[in-house]
Amino acid sequence: MIWLLLFGIFSYDEVLRTDLVSHAKIRWSRMDAGQRIVVEIDGGTAKRTNPNWSPEAQELAYDLGKEREIEKIIKWAKLPDPRRSASESEKDRTLEVLIEDKKGYHSAGFWSMSVKAWQKGRFGSIFDPLEALMNAKAELFEHRKGDEKGSGFVPR
């Protein structure tokens, strides 16, 4: 187990046992013109980094309730074993889960697939909300902390 923590390699079972909202970051990414566009979800906030548009991360409208939904969907989808690196293909999308420990965040792995593969079956429930953030307009809003709303998760 110590070896796994030193190298940042976590099993998918360990990811499933982790409270992703409290102890993880979720990244969704794709390649575009040689640059990686990344949406990072952490603590009820979402930010998109697109080096082709702006060097600054753009905050997206997001909340803790939506992050709880993504957590449930990821755990429900039963992803295959993770890869060690993200795909460099512009046709693929990559999900990365970073787990927090005493030394900071470590990648639990990468799940890279083509858009068509992500859209099939259970994985489509992950693809739809995360891909929507790739193209969402950055919004200027005041992030409010408050009570989480009930679950609206409906599997595909």
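Specify the residue that is modelled with the lowest pLDDT; the eligible residues are those in the stretch 125-156 that are of a type in the set (Gly, Ala, Ser) and under 18 Å from the mean Cα position of the chain (by Cα).
Result: 138.
Could you tell me how many of the residues in the stretch 32-44 are modelled with pLDDT under 90 and open to solvent by 60 Å² or more (accessible area, probe 1.4 Å)?
The total comes to 1.
Just to be sure, is residue 122 charged (D, E, K, R), crowded, with 18+ Cβ neighbours inside 10 Å and modelled with pLDDT of 90 or more?
No, not satisfied.
What are the residues in the stretch 107-119 that are touching a Phe, Trp or Tyr at 6+ places or on another chain (Cβ under 9 Å), of a type outside the set (A, V, I, L, M, F, W, C) and open to solvent by 20 Å² or more (accessible area, probe 1.4 Å), if any?
So the first thing to find is which residues in the stretch 107-119 are touching a Phe, Trp or Tyr at 6+ places or on another chain (Cβ under 9 Å), and the list is 107-109, 111, 113, 115, 117-119.
Now drop any that are not of a type outside the set (A, V, I, L, M, F, W, C), which leaves 107, 109, 119.
Result: 107, 119.
To keep it simple, each residue is scored yes or no on (1) in contact with a strand residue (DSSP E or B) (Cβ under 7 Å, 6 or more places away or on another chain); (2) surrounded by fewer than 20 Cβ atoms within 10 Å (Cβ to Cβ); (3) at pLDDT below 90.
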| site | (1), (2), (3) |
| --- | --- |
| 5 | yes, yes, yes |
| 22 | no, yes, yes |
| 26 | yes, no, no |
| 30 | yes, no, no |
| 46 | yes, no, no |
| 62 | yes, no, yes |
| 69 | no, yes, no |
| 92 | yes, yes, no |
| 105 | yes, yes, yes |
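Which numbered condition in (1) of a type outside the set (Gly, Ala, Ser); (2) over 16 Å from residue 21 (Cβ atoms); (3) part of a helix (DSSP H, G or I) is the only one that residue 110 fails?
Tallying (1) of a type outside the set (Gly, Ala, Ser); (2) over 16 Å from residue 21 (Cβ atoms); (3) part of a helix (DSSP H, G or I), residue 110 fails exactly one: (3).
The values are calculated or read from the model by the stated rules, or taken from the named source; none is laboratory data. Everything quoted here is computed from the prediction, not taken from an experiment. Methodologically, a virtual Cβ is constructed for each residue, glycine included, from the backbone with ideal geometry; neighbour enumeration extends over all protein chains shown. Surface areas here come from the heavy atoms of the whole protein model, side chains and all, with no ligands, DNA or RNA. Shrake-Rupley method; radii C 1.70, N 1.55, O 1.52, S 1.80 Å.
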